[in-house]
Each structure stands twice: as C-alpha cells, then as structure tokens.
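Peer 1: Attaching a single structure in structure tokens format; questions to follow.
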Amino acid sequence: GLIVRTDLAPGPLTRWADLWDPRLAGKVQVWDIQRLLMGIALKSLGYSINSENPAELAAVEERLQALKDHARGAGYDPAAAEAALASDEAVAMYGWAGDFRRLRARGLPVAYVLPPEGSILWGDNLVIPANSPNKYTAEVFINFLLRPEITAQFINEIYYATSNEAAHPFIKPEIRDDPVIFPPVEDLQRAEVILPLGP
C-alpha cells in the first residue's frame, strides 16, 4: 500500500496515481523492485498487474519514466526509505504493513492506504528442493511451522498476516484485528497476486 506522511502531504493521497502528483516531485521514495513498480504503474492506469498487452506495457514504460524523473531512491533499502520519511525528505512511499508499523513506532504521523484500484498480494514460501538429501526432515520442520500455535508465534513477532486461518485464534487480538495487517475482505478482493509472465 501507500505509506504517507500525513503532516507533509499536500492533501489526501489515496490512489496509486497520486505517486505521480507534481506536488510530490522529489518527495516520493521508491524501491527498485521491478514487478512491484510495474504492477503499481499498471494499476495506476487501470490495468492488471499481470498484463502482457504490448500497448499497456508501452504506457507503463512511459509512466515509470515519468516517476523516475521525480522520485528518489533506488535499490531495496527499507532502512534508507524509512529514514527518508522520518527526516521529512520524502512524503510518500509504497511499502508493507511492517514498514508502516516501524514508522508509526517512531511516532511519525503516517497513514497506510490500500488504493481502491487494488493492491498487490505476495507471500513467502517454504520449499524443499527436489534433490534434497533431507526431504523427510524438511517436511517435518514445515509441518511444525504450520502448526497453528507456532504460526501464531511468528505473526505475533513479525506483524505480518498469515493465510493459515487455524492460527488466527492464537494471534494477539491487536494484531489480528489491525486492518493494516489483516485487511478487510473487500480490499483483498480488489488485490491481485503477481503471476509468472510468458516469455
């Protein structure tokens, strides 16, 4: 979603397109995560984050060039991005619940917004290589991590959502009921998962 310094913003920032607002020139913090940036640009134009339509992708290239011309930052450095918002150098950035939580813990006046165009869903995965010499042990370990009470311990520490619904009763209520961490169903229905693209 969008993370906004509400005390510095020129007005409410609620849509992906607001990242291109000329009033924010030099004040938008971006991270160079290709599919995420492309997804945001696609959503800002009303397209799917998984579009392979050449005309839509050409529009996205132009859109991202415009963002590059007035955004700040490069690479993927959460600490630097947070420092930019904390030092008043940036007004807005895109990020995750954990980024918002850390900025809020600093006492900064920040808002977390899931744009109505839809956000981008992601998930971490645990996998076992096909040629693993310890396949059984890995399976036992993953089974352990997926126990509801164990999954909840992770969520209570890292403040990110889980799709393991059996863990929900074990998650601290202030985390489980936080709409930034566990967004309402209507927000999730507008979101898209990044899918593999064709060649």
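Each value in this text was obtained by applying a stated rule to the coordinates, not by laboratory testing. Keep in mind it's a predicted model, so treat the numbers as computed, not measured. FYI the Cβ positions are ideal-geometry reconstructions off the backbone, even for glycines, and counts take in every protein chain you see.
Peer 1: Hey, what number do you get for the chain at 222 nm if only DSSP H runs of n ≥ 4 count, each worth -39500 (n - 2.57), divided across all residues, to the nearest 500?
Peer 2: The helix contribution divided over the chain gives -11500 deg cm²/dmol.
Peer 1: Towards the positive end of the charge dipole of the chain, with charges on Cβ (+1 Lys, Arg; -1 Asp, Glu), say which of Pro54, Leu121, Leu146 has the farthest Cα.
Peer 2: So the residue furthest toward the plus end is Leu146.
Peer 1: Another question about this same structure. Running a GNM on the chain with Cα contacts under 10 Å, which residue among Gly75, Gly26, Gly39 ends up with the highest mean-square fluctuation?
Peer 2: Answer for the Gaussian network model of the chain: Gly75.
Peer 1: While we're looking at this one, here's another question. Given a Förster distance of 35 angstrom, what is the FRET efficiency for Ser132 paired with Ile194, based on the Cβ-Cβ distance and rounded to 0.05?
Peer 2: Efficiency for this residue pair is about 0.85.
Peer 1: Ok, one more. How much length is gained on full extension from Ser163 to Phe144, taking 0.36 nm per residue of separation minus their Cα-Cα distance? Show your work: numbers first, answer last.
Peer 2: Details: separation 19, 0.36 × 19 = 6.84 nm, distance 1.57 nm.
Extending this stretch completely gives an extra 5.3 nm.
Peer 1: Rank Pro54, Pro179, Pro78 by mean-square fluctuation in a GNM of the chain with C-alpha springs under 10 angstrom and give only the top-ranked residue.
Peer 2: Looking only at Pro54, Pro179, Pro78, the biggest GNM fluctuation is shown by Pro54.
Peer 1: Name the most mobile residue of Ala130, Ala81, Ala71, meaning the one with the largest mean-square fluctuation, in a Gaussian network model of the chain with Cα contacts below 10 Å.
Peer 2: Result for the chain, Cα springs under 10 Å: Ala130 fluctuates most.
Peer 1: Could you give the size of the charge dipole of the stretch 43-139 about its Cα centre, using +1 on the Cβ of each K and R and -1 on the Cβ of each D and E, expressed in debye and rounded to the nearest 20?
Peer 2: For the stretch 43-139, the charge dipole is close to 360 debye.
Peer 1: Given that just one value was derived from the coordinates, which of (i) 54, 45, 31; (ii) 71, 50, 34; (iii) 74, 41, 37 is Cα extents along the principal axes in Å?
Peer 2: It is the value labelled (i).
Peer 1: Need the C-alpha centroid separation for the stretch 106-143 versus the stretch 174-190, integer Å.
Peer 2: Cα centres, the stretch 106-143 to the stretch 174-190: 16 Å.
Peer 1: Please state the shape class of the stretch 1-82: rounded when a/c is under 1.5, otherwise prolate if a/b exceeds b/c and oblate if not, all from the C-alpha gyration tensor.
Peer 2: Prolate.
Peer 1: Can you give the Kirkwood hydrodynamic radius for the stretch 126-199, in Å, rounded to one decimal and based on Cα pairs?
Peer 2: About 14.5 Å, per the Kirkwood formula over Cα pairs.
Peer 1: Can you give me the C-alpha center-to-center distance between the stretch 1-27 and the stretch 55-88, rounded to a whole angstrom?
Peer 2: Computed from Cα coordinates, the inter-centre distance equals 12 Å.
Peer 1: Give the Kirkwood hydrodynamic radius (Å, one decimal) of the stretch 20-132, defined as one over the mean of 1/r across all pairs of different Cα atoms.
Peer 2: In the stretch 20-132 this quantity evaluates to 15.6 Å.
Peer 1: Something else: So what's Rg/Rh here for the stretch 102-157, counting alpha carbon atoms and using the Kirkwood radius for Rh? Walk me through the numbers on the way to the answer.
Peer 2: Numbers: Rg = 17.8 Å, Rh = 15.2 Å.
With Rg and the Kirkwood Rh in hand, the quotient comes to 1.17.
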